[in-house]
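What follows is a short report on a single structure.
The values are calculated or read from the model by the stated rules, or taken from the named source; none is laboratory data. Nothing here was measured: the structure is a model prediction, and the numbers come from that model. Counting neighbours? That spans all protein chains shown, and the Cβs are built from the backbone with ideal geometry, glycine included. Surface accessibility is based on the protein's heavy atoms, side chains included, excluding ligands, DNA and RNA. Shrake-Rupley method; radii C 1.70, N 1.55, O 1.52, S 1.80 Å.
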Amino acid sequence: MNTLAEVWSWLTTAAHWSGEMGIWHRLVQHFWLTVGCLAVSCLIALPVALTLGHLGRGGALAVNLANIGRAVPTFAILVLLLLTPLGRHGEWPTVIALVLFAIPPLLTNAYVGMREVDQDVVRAARGMGMTGRQLVWRVELPLAFPLVLTGVRIAAVQLVATATLAALVGGGGLGRIITAGFNLASTPQVVAGAVVVAVFALLMEAAFEAGQRCAPAWARGRMR
Amino acid sequence: MTAPPDDCLARNDWICGDYLSTRRHILLDAVLEHVQLTVVSVLLGLVIALPLALLARRRRWAAGPVLGLTTVLYTIPSLAMFSLLLPLYGLSAALVVVGLALYSLTLLVRNILAGLEGVPAEAKDAARGMGYGPTRQLLTVELPLALPAAMAGLRIATVSAVALTTVGAIVGHGGLGNLIYAGMNSFFKAQVLTASVLCVLIAVAFDLLLLGAERLLTPWRRGRAGRPARGRGAGARRLAAAGRRP
């Protein structure tokens, strides 16, 4: 109970919200880091996944990538990148690690989505004389869209988490409030930072949930 | 001061044999701690997940809250999760174990539930017809048939737990993560790379071990050799839906 009161008073202190180290600044950093890296990862992963899915090649790679990504600790990659020459260039280790870990869920889900398109539909489209390009844009991608979106959602939640860890290697973002709290041995600050991070992650997830509910029926897919 | 020795430790190389031989005991201790934290947390997760999955299946009203709560837990970033547990457990190994167990819940509950729901109705009818009570039916028919799906969840949960344990370094109980953390602060490249590679090796070892256990526990599936049966659909979908969390 005592800790809760302390956490509340930490969160309601105006000074903790303003300035370079304040919550607002960290929140904005965290948001742009997440959204920017999500855009970059999508630009890299989705064309590859859609091409591979359309051609039906490289399935083992696309599916196993998610497994490999799961076995590699994010923290280890962050530190390894920090110790390379890249580490001397500000946020670069963080950005690269974020993109690296966002790619597997995007690639795997988009690939599986493309491959699971009903082959009868594909054959019908071919029979109507569609070219490969038309097939991708008018048939396969719309049908695969729900799973592609699931991949984007998993990647987004993943990015929020990775961006938090980036604080351990000196990156910006909300995680810095937590690491600063540990350095100051201030339990209220650690917990307050964690609450802000958790709320941010849950809001991100909720935004996707709301987006998927409001989307037109074809983009929502069957409920699974 | 004498001239520094010109070996790979002094040069701070990424790959260094001397590091392996001189720090063997430190590495071994860290690996042991890492394995311990992972195993205890996944077992704890399993002990909590099984009743939750059974509850969610028996009582329809419980399914929503159980799945919702575990998904919320899974959404919280690892660093925040450990931090939220700080007032309860302090800077202890228990904090890391509980945090990791909470993470494994989502994957375990979902997969056990999927396995139980995948049990063919004919198998249940047959068991009932043979006079099996609900408990005997659960233990001897439903749980064995749910095992493949449950094991898939267990494998993903364990591999994720191995990777996530490193974050425990923030409270000083991260197994190999401690070495990575210390190596970061002293720019000790060989230590960071060695500990990272060992993490991946532990994850792969656990995955293979569980795969072997699954084969042993489900002898009736061996003849059909999982490959054609699993195909593109179910296996790939399970992987895709699971995602991963740092």
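A compact table of results
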{"item": "Answer residue from the stretch A:98-157, given it is small (Gly, Ala, Ser) and open to solvent by 20 Å² or more (accessible area, probe 1.4 Å) and is modelled with the lowest pLDDT among those", "result": "A:Gly132"}
{"item": "Helices (runs of 4 or more DSSP H) fully within the stretch B:8-86 counting 3 or more residues that are more than 16 Å from B:Gly174 (Cβ to Cβ)", "result": "B:8-11, B:17-22, B:24-58, B:60-75"}
{"item": "Cross-chain or 6+ apart pairs with Cβ under 8 Å, the stretch A:90-110 first and under 21 Å from A:Thr150 (Cα atoms), then of a type in the set (D, E, K, R)", "result": "A:Phe101/B:Arg244; A:Pro104/A:Arg70; A:Pro104/B:Arg244; A:Pro105/B:Arg244"}
{"item": "Residue, nearest to the other protein chains (Cβ to nearest Cβ), within the stretch B:110-163, restricted to residues that are of a type in the set (A, V, I, L, M, F, W, C), open to solvent by 20 Å² or more (accessible area, probe 1.4 Å) and more than 21 Å from B:Leu52 (Cβ to Cβ)", "result": "B:Ala121"}
{"item": "B:Met184, sole failed condition from (1) over 18 Å from A:Thr179 (Cβ atoms); (2) surrounded by 21 or more Cβ atoms within 10 Å (Cβ to Cβ)", "result": "(1)"}
{"item": "Qualifying residue in the stretch A:105-118 (condition: under 20 Å from A:Gly58 (Cβ atoms), part of a loop (DSSP other than H, G, I, E, B), among the aliphatic types (A, V, I, L, M) and within 14 Å of another protein chain (Cβ to nearest Cβ))", "result": "yes"}
{"item": "Pair list, Cβ < 6 Å and 6+ apart or interchain, from the stretch A:201-224 residues that are surrounded by 13 or more Cβ atoms within 10 Å (Cβ to Cβ) and at pLDDT 90 or above to residues that are assigned to a loop (DSSP other than H, G, I, E, B) and not aliphatic (A, V, I, L, M)", "result": "A:Ala201/B:Pro77"}
{"item": "A:Val169 vs. criteria facing chain B (nearest Cβ under 7 Å) and modelled with pLDDT under 90", "result": "yes"}
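For (1) part of a loop (DSSP other than H, G, I, E, B); (2) of a type outside the set (D, E, K, R); (3) closer than 30 Å to A:Leu135 by Cβ; (4) touching a residue at least 60 places away in the same chain (Cβ under 8 Å), each residue gets a yes or a no:
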| residue | (1), (2), (3), (4) |
| --- | --- |
| A:Gly19 | yes, yes, no, no |
| A:Trp24 | no, yes, no, no |
| A:Asn67 | no, yes, yes, no |
| A:Ala76 | no, yes, no, no |
